[in-house]
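The values are calculated or read from the model by the stated rules, or taken from the named source; none is laboratory data. The structure displayed is predicted, hence computed values, not measured ones. Cβ placement follows ideal geometry from the backbone for every residue including glycine, while neighbour counts extend to all protein chains displayed. Side chains are part of the model used for accessible areas, which takes the heavy atoms of the whole protein and leaves out ligands, DNA and RNA. Shrake-Rupley method; radii C 1.70, N 1.55, O 1.52, S 1.80 Å.
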Amino acid sequence: MGWVQGPQSGQTTTTMAVGDHADSLATVLDLVRSGTARTRPEIGRRSGLGRTVVTQRVNQLTACGLLEEGALGPSSGGRAPRELRFRARAGVILAAELGATGISVGVTDLTGTVLAEHTEEVDIATGPDTVLGRVEEVFDELLDRVRTELADPGLTVWGVGIGLPGPVEFATGRPSAPPIMPGWDGYPVRDRLARRYDTPVWVDNEVNTMALGELRAGSAKGQRDILYVKIGTGIGAGLVSGGTLHRGSQGCAGDIGHAAASDEDDVVCRCGNTGCLEAYAGGAALARDGLAAAKEGRSRFLADVLASTGTVTAADISRAAQSGDRTSVELLTRAGRLIGNLLATLVSFYNPALVIIGGGVSRAGDLLLATVRETVYRRSLPLATRELRITRSALSNRAGLVGAAFMAIDELFAPERLTRWVDRGCPAGDPALVAVPLREPVL
């Protein structure tokens with residue numbers, strides 16, 4: 001809620017009025033944007049707002065370019081009302097998910113629908129200048145393609161959303177001591193892209209963007225309390241509580257990959273500690289143990305893979321397990337139990353309705369997922385698992401990209417920022433307006 005400068009005696013009343021105005025604007029826009037209400041009478045019934053307020057808010061949102069009039073809607077006895085449409089292609093969002101070994105880059109409209117996308121292998125350890133330079137190149141290529149396909153050469157970028165494979169201080173958009181990202185610590189990712197595209201930028205941990213993608217457009221749509229778990233090169237979790245992504249006070253909530261899973265000190269994690277879950281059950285750990293098994297002759301299948309390719313990956317272990325390789329089955333089963341034990345604690349503590357398992361390792365066969373499920377149901381409180389569902393990600397490898405777009409969209413249409421667009425008469429997406437931090441007082 002914004003702060004209004006004025007006499008102290010009237011400050012509380014004025015602030016509430018500004019807050020009510022912002023909330024009603026956001027409510028009307030969200031109802032039309034989501035397709036929940038398409039006419040002014042429907043907005044009134046769904047929101048509880050009076051007819052005059054609805055008319056004012058619709059007119060304001062139309063004037064600033066967010067809504068437009070459509071065809072006549074169904075009549076309930078009187079004059080048929082005009083349908084309202086959200087102008088989804090009034091601008092676009094640039095979104096990217098950066099993983100440990102690859103990038104997924106896309107352009108979406110203002111509803112999060114992907115208009116163009118590109119995925120390729122990139123090593124995050126090559127550093128921010130190399131990786132972000134490539135991301136910018138792909139952004140530009142995709143943006144040119146979308147402008148051509150939509151026959152709109154002036155199509156404006158309204159925001160950028162980026163997911164990174166490590167801890168991110170959300171308030172600054174900077175990575176914070178990311179274990180697998182040498183050279184990225186404290187790098188001004190947000191500032192660089194904001195200058196490049198003259199638009200606001202939001203940066204978060206990729207697992208949070210994956211959770212947000214599933215919440216808005218995947219298997220968690222309509223849910224309010226979920227836990228998204230990524231099992232890839234590393235392990236992480238995104239927590240949604242009451243329908244809202246929970247980042248914690250510094251932005252590192254859900255970093256379960258570095259929670260203690262063992263008292264042994266024989267394996268040093270990439271974070272520098274020992275006993276971390278990721279060091280025993282992540283994709284890199286599976287590849288390490290599979291390589292050792294191949295060299296020691298404990299797995300004929302993996303030894304053949306090593307001889308033909310020169311390495312062993314987590315995907316190779318999954319294929320070996322599906323072929324009946326006993327050592328690979330044991331590796332995946334052990335990883336599933338370790339992950340399941342930690343998730344059982346989280347399920348009993350948080351009591352989510354849904355646990356979504358995503359990431360590259362999670363897509364490699366059913367054995368790992370089955371072991372995780374069995375362990376969670378066995379180790380969690382019965383009440384916590386009574387209606388709990390544990391399922392794979394519906395969006396698969398697109399979850400992070402879609403979620404990064406929705407992160408930017410949610411921030412763009414936050415009530416206070418939306419009110420600034422309308423009250424200052426600026427077109428929505430004006431970089432001079434949307435780039436202003438919401439924590440600044442509204443004068």
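Only residues that are buried (at least 17 other Cβ atoms within 10 Å of the Cβ), assigned to a loop (DSSP other than H, G, I, E, B) and of a type outside the set (S, T, N, Q) were counted across the stretch 110-145, and they come to 3.
Within the stretch 355-364, not a single residue is within 25 Å of D263 (Cα to Cα), open to solvent by 40 Å² or more (accessible area, probe 1.4 Å) and not polar (S, T, N, Q). Which one is nearest to A100 (Cα to Cα), of the residues in the stretch 202-216 that are open to solvent by 10 Å² or more (accessible area, probe 1.4 Å) and part of a strand (DSSP E or B)? The extreme case among them is N205.
Just a yes or no: is a residue in the stretch 324-331 surrounded by 15 or more Cβ atoms within 10 Å (Cβ to Cβ), charged (D, E, K, R) and closer than 22 Å to G257 by Cα? The answer is yes, given that some residue of the stretch 324-331 is surrounded by 15 or more Cβ atoms within 10 Å (Cβ to Cβ), charged (D, E, K, R) and closer than 22 Å to G257 by Cα. Comparison of A171, A261, A177 shows that the only residue that is in contact with a helix residue (DSSP H, G or I) (Cβ under 7 Å, 6 or more places away or on another chain) and aliphatic (A, V, I, L, M) is A261. Would you confirm whether any residue within the stretch 173-188 is in a loop (DSSP other than H, G, I, E, B), polar (S, T, N, Q) and at pLDDT 90 or above? Yes, the conditions are met somewhere in the stretch 173-188. Being open to solvent by less than 10 Å² (accessible area, probe 1.4 Å), more than 35 Å from the chain's Cα centre (by Cα) and small (G, A, S) is not true of A303.
For the condition under 23 Å from V361 (Cα atoms) and of a type in the set (G, A, S), what is the one hit in G133, G112, G102, G127? It is G102.
Against the test of being closer than 22 Å to G112 by Cβ, modelled with pLDDT of 95 or more and open to solvent by less than 10 Å² (accessible area, probe 1.4 Å), the options L155, L164 yield a single qualifying residue, L164. Within the stretch 258-281, identify whether any single residue is closer than 30 Å to R216 by Cα, without any contact (Cβ under 8 Å) to a residue 60 or more places away in the chain and out of contact with any strand residue (DSSP E or B) (no Cβ under 8 Å at 6 or more places or on another chain), and answer yes or no. Among the residues of the stretch 258-281, not one is closer than 30 Å to R216 by Cα, without any contact (Cβ under 8 Å) to a residue 60 or more places away in the chain and out of contact with any strand residue (DSSP E or B) (no Cβ under 8 Å at 6 or more places or on another chain), which makes the answer no. Which of the residues that make up the stretch 368-422 are more than 13 Å from the chain's Cα centre (by Cα), surrounded by fewer than 17 Cβ atoms within 10 Å (Cβ to Cβ) and among the acidic types (D, E)? Across the stretch 368-422, the qualifying residues are E374, E387. Restricting the first residue to the stretch 227-244 and requiring it to be closer than 12 Å to M210 by Cβ, which pairs with a second residue that is open to solvent by 10 Å² or more (accessible area, probe 1.4 Å) and basic (K, R) meet a Cβ separation below 8 Å and a spacing of at least six or different chains? Partner pairs satisfying both residue conditions: G236/K230; A237/K230; G238/K230; V240/R224.
The residues of the stretch 104-131 that are among the aliphatic types (A, V, I, L, M) and more than 23 Å from D410 (Cβ to Cβ), listed by number, are V122, I124, A125, V131. When the stretch 58-109 is filtered for residues that are in a loop (DSSP other than H, G, I, E, B) and modelled with pLDDT of 95 or more, only D109 remains. Evaluate the following for A384: is it assigned to a helix (DSSP H, G or I) and in contact with a strand residue (DSSP E or B) (Cβ under 6 Å, 6 or more places away or on another chain)? So A384 fails the test. Evaluation of V189 against the conditions (1) under 25 Å from L227 (Cβ atoms); (2) touching a helix residue (DSSP H, G or I) at 6+ places or on another chain (Cβ under 9 Å); (3) among the hydrophobic types (A, V, I, L, M, F, W, C) shows that the sole unmet condition is (1).
Of all the criteria given as (1) among the aliphatic types (A, V, I, L, M); (2) touching a strand residue (DSSP E or B) at 6+ places or on another chain (Cβ under 7 Å); (3) open to solvent by less than 30 Å² (accessible area, probe 1.4 Å), the one not satisfied by A194 is (3).
Condition check ((1) surrounded by fewer than 23 Cβ atoms within 10 Å (Cβ to Cβ); (2) small (G, A, S)) across all residues:
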{"site": "I231", "(1), (2)": "no, no"}
{"site": "G234", "(1), (2)": "no, yes"}
{"site": "G238", "(1), (2)": "no, yes"}
{"site": "S241", "(1), (2)": "yes, yes"}
{"site": "N273", "(1), (2)": "yes, no"}
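Restricting attention to the stretch 124-163, the residues that are of a type in the set (D, E, K, R) and without any contact (Cβ under 8 Å) to a residue 24 or more places away in the chain add up to 6.
Filtering the stretch 293-350 to residues that are of a type in the set (S, T, Y) and within 29 Å of R389 (Cα to Cα) leaves S318, S323, S328, T333, T345, S348, Y350.
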